[in-house]
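Only one structure is covered here, and it is reproduced in the block below.
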Amino acid sequence: MLLDFNPFAVKRALAVRKYNGNKGSDVDGRCNVHVGSSLIQSSVFDACVESALPYVSIVRYLDVDVNFDGVLMDEERLLGLATDDGGNIRKIEVFHIGNDQSGLSS
């Protein structure tokens, strides 16, 4: 799951939701817009913690056979890096995580 707090991503996701007829918080079946959240009281916090910072959560399931040693990301891509024992990059996987209908591709 990716949590995107970029205000432009939130605005874009809300615009897509409005265009699609305001069907709940679900934008495309994998992307949700959250306008706030709360953590229930636990041993860490004395009271319930409330947040009003909007964000977009994107869920993608990957079917890859590589354990990545590093990850890089920008607004639309997630790069998985696999290295050898010497630290040399031996494989790079590029995944698209944008909010389009094409889904995640590598």
Completion exercise
Plugging the Cβ-Cβ distance of Tyr19 and Leu81 into 1/(1 + (r/R0)^6) at R0 = 35 Å yields, to the nearest 0.05, a FRET efficiency of 0.45
Exercise for the section: At 7 Å along the Cα-to-beta-carbon direction for both Lys91 and Leu39, put a label point, then send me their distance in nm to one decimal. Expected result: 3.5 nm
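Taken together, the values in this text are just the output of simple stated rules run on the coordinates, not laboratory data. Fair warning: this is a prediction, and the values are worked out from it, not measured in the lab. Positions of Cβ are generated from backbone atoms using ideal geometry, with glycine treated the same way; all protein chains shown enter the neighbour counts.
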